[in-house]
Amino acid sequence: MGIEVERAEGCTITDRSGKKYLDFISGIGVANIGHAHPAVVKAITDQAARYLHVMVYGESIQAPQVRLARRLADVVPSPLSVTYFTNSGTEAVEGALKTAKKYTGRKKLVAFMGSFHGDTHGSLSVTGRNVYQKPFRPLLPNVTFLPFNRSKRLKAIDRHTAAVIVEPIQSEGGVNVPDDNFLPALRDRCDETGALLIFDEVMTGLGRTGKLFACQHWKVVPDILVLAKALGGGMPLGAFISRPEIMKTLSEDPPLSHVTTFGGHPVSCAAGLAALDFLLKENLPERAERLGQYIMDRLKKLPKIAGVKEVRGKGLLIGLELTNAKLTERFVLHCREAGLILGWTLHSNTVVRLAPPLVISEDAINKGIENIRAALMKAAS
C-alpha cells in the first residue's frame, strides 16, 4: 500500500502527511476492538512495568498467561479447556498438527482446496493453494486435499487420518461460507474414523462473524481450536485449545514435546485479556452480526453497472466479488485514494474482503459504503 503510518486509533489510520484512512480490514482481522484501544494500552503499560519475558513458556507461573487461559476456558465451546499460547496463527497451527499426530499415532492429514493456514512449513503443507506451495516442495507428506463444502467427498477421511483442518469460513480463499450441513457432516465423519477435527479460527474467531466463534453458527465443536490475530488485541499472540486428555500428550514421551521461547508473552497475554473482556462486555459479536447484515444489504443494492457479482459473508467478514481482476485492482486503488483501506483476499484476485473493527460506528460504515460505491463506479467507467 505504501502508506507510511504515523498513528492508528479506533478505526482510523493516519499517515505522515496527515491523511486519514478509514480501516475496513482491521490489519487483516487483528484490530477487532479498534487500533490502540485504551483498555489494551493500559494493560500493556501496566504489565510492561512489572515484567517482560522472564523464562521460556511453561517454565514459570506468569499471572497474565493464567488469567487469559482461565478466561478462554470459560468462553470456548465445552469440553475445550486447555490452552497452549504461541506467537502467531501459523505457529498455533503447527502445534495443533503436531498434537493431533502424536495423540492419534497416525500420519495422514486432510485439508481443503482454497484454504489458508499460514506460511511456515507445516501450515503451508495444509494450505490448499498450489501457487504458494510450489516453490517450497517437497512439503509434509501424507496430506490429502478435498473440495471445500462438498460433503460427499468426506469419505476420503479414513482411519489413517490423524486430523482434518478446516476454516469454518474460508477467508483468504474468497470469504467462502459453507452450506449448513457441511461442518456437521465433517464432525460426524471425524467421529466415525477417530480423526481429530481442527478448526482454524485465526480470522473468524473472537466475534468477527457474529458469534464469539464461527463454529457456533453450526453448533459444531472441534477437537482443537486455533486462534490468533484478534486474540492479542493488537499484540502478537496465538493459541491452540483442546481437551485435557489431548493436550496432555505434549507433556509426555518426551515431556517437552512442544516448546516456545516467547509464546504467551506476558505483555501480549495482558493485552489479550483486556481485549477479550471489552469484547464480551460490549457484546461485540452481536453488534458484528447486526452491522454486517446492514453492510451486506447496502452492498447488494449497488447498481449492476458497478461490476459486483456477489456479496457474501457472516457478521463483519464480508466478501465482495467483482466480475474481473482488472476491475478489482482499479477498485481497491480508488478506495485507497479516497481514504478507505480494504484488500484483496490472498487466493482470489476478484474478491475484496471487508472486515472493519467491530467497534466501527454506523456513520463510519455509511461513509465507507459511499466510498465503495463511488470507487466501483469510477473503476467500471
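The values are calculated or read from the model by the stated rules, or taken from the named source; none is laboratory data. All figures in this text were calculated on a predicted structure; none of them were measured in a lab. Here the Cβ positions follow ideal geometry from the backbone for every residue, glycine too, while neighbour counts run over all protein chains shown. The area values use the complete protein model at the heavy-atom level, side chains included, leaving out ligands, DNA and RNA. Shrake-Rupley method; radii C 1.70, N 1.55, O 1.52, S 1.80 Å.
What ranking, highest mean first, results for peptides 308-320, 87-99, 199-211 when packing means the other Cβ atoms within 10 Å averaged over each residue? Let's see the in-between values first.
Values: 308-320: 22.2, 87-99: 25.6, 199-211: 28.2.
Answer by packing, highest mean first, reads 199-211, 87-99, 308-320.
List the aspartates and glutamates whose Cα sits under 14 Å from the Cα of LYS248, skipping any in the same chain fewer than 8 residues away.
Straight-line reach from LYS248, under 14 Å: ASP223.
Helix-derived [θ] at 222 nm for the chain: sum -39500 (n - 2.57) over DSSP H runs of at least 4, divide by residue count, nearest 500? Each step should come with its number before you reach the end.
Numbers: 12 runs with 135 residues, N = 381.
Rounded to the nearest 500, it is -11000 deg cm²/dmol.
Are there GluC sites (Glu not before Pro) in region 1-63 that DSSP marks as loop and that have at most 12 other Cβ atoms within 10 Å, and which are they? Before the final figure, lay out each step's value.
Values: sites: GLU4, GLU6, GLU9, GLU59; in loops: GLU4, GLU59.
Passing both the DSSP loop test and the Cβ count: GLU4, GLU59.
Order of 112-120, 38-46, 249-257 by packing, highest average Cβ count within 10 Å first?
Working: 112-120: 21.1, 38-46: 16.2, 249-257: 12.0.
The most tightly packed comes first, giving 112-120, 38-46, 249-257.
Which lysines, on any chain, are close to LYS378 with Cα under 19 Å apart, when same-chain ones fewer than 8 places away are left out?
The qualifying lysines are LYS300, LYS301, LYS304, LYS309, LYS326, LYS367.
Roughly how many percent of the accessible protein surface of region 201-247 is carbon and sulfur, given a 1.4 Å probe and a whole-percent answer?
Details: 590 of 1070 Å².
Accessible surface attributable to carbon and sulfur in region 201-247 totals 55 percent.
In terms of Cα to Cα distance under 19 Å, which aspartates and glutamates are near enough to LYS20, apart from those fewer than 8 places away along the same chain?
By straight Cα distance, LYS20 reaches GLU4, GLU6, GLU9, GLU337, GLU362, ASP363, GLU370.
If I take the Cα coordinates of region 41-152 and project them onto the principal axes, what are the three extents in Å, biggest first?
Ordered largest first, region 41-152 gives principal extents of 50, 34, 28 Å.
Take the alpha-carbon centre of region 1-44, take the same for region 257-309, and report the distance between them in whole Å.
14
Roughly to the nearest percent, how much of the accessible area of region 28-67 is carbon and sulfur, given a 1.4 Å probe? If you can, show how the numbers build up before the last one.
Working: 1480 of 2210 Å².
Answer for region 28-67: carbon and sulfur cover 67 percent of the accessible area.
Take the cross-link list LYS42/LYS281; LYS101/LYS155; LYS101/LYS152 and give me the ones stretching past 22 Å between alpha-carbons. Intermediate results must be reported in sequence, preceding the final value.
Values: LYS42/LYS281 17 Å; LYS101/LYS155 20 Å; LYS101/LYS152 25 Å.
Over 22 Å Cα-Cα: LYS101/LYS152.
Provide the three semi-axes, in whole Å and in decreasing order, of the ellipsoid equivalent to region 121-186 as defined by the square roots of 5 times the Cα gyration tensor eigenvalues.
Values: eigenvalues 93, 53, 15 Å².
Its equivalent ellipsoid spans semi-axes of 22, 16, 9 Å.
Which whole-number percent gives the relative contact order of the chain, counting Cα pairs below 8 Å spaced six or more residues apart? Let's see the in-between values first.
On the way: 819 pairs, mean separation 88.7, N = 381.
The normalised contact order for the chain reaches 23 percent.
Bin all alpha-carbon pair distances of region 247-290 at 10 Å intervals from 0 and give each bin's fraction as a whole percent.
In order of increasing distance, the bins hold 23, 27, 26, 20, 5 percent.
Dividing the Cα radius of gyration by the Kirkwood radius, what Rg/Rh value follows for region 88-229?
On the way: Rg = 13.6 Å, Rh = 14.8 Å.
Across region 88-229, the Cα-based Rg/Rh ratio is 0.92.
What number, in nm² with one decimal, is the all-direction average of the projected area of the convex hull of the alpha-carbon atoms of region 149-237? Please list the in-between numbers first.
Working: hull surface 23.6 nm².
Result: a mean projected hull area of 5.9 nm².
Please figure out what share of the DSSP beta bridges in the chain is antiparallel and state it in percent, rounded to the nearest 5.
Values: 31 of 49 bridges.
Just about 65 percent of them are antiparallel.
When you count, for each residue, the other Cβ atoms within 10 Å and take the mean per peptide, how do 218-228, 154-164 rank with the highest first? Don't skip to the end; give the middle numbers.
Working: 218-228: 23.5, 154-164: 18.9.
Listed from highest to lowest mean packing, they are 218-228, 154-164.
Can you quote the Å³ per residue value for the convex hull of the Cα atoms in the chain, rounded to an integer?
On the way: hull volume 52.3 nm³, N = 381.
Each residue corresponds to 137 Å³ of Cα convex hull volume.
Report the one residue of ASN32, VAL54, TYR84 whose Cα lies farthest in the direction of the positive end of the charge dipole of region 1-116 (charges on C-beta: Lys and Arg +1, Asp and Glu -1; origin at the Cα centre).
Result: TYR84, furthest along the dipole toward the positive end.
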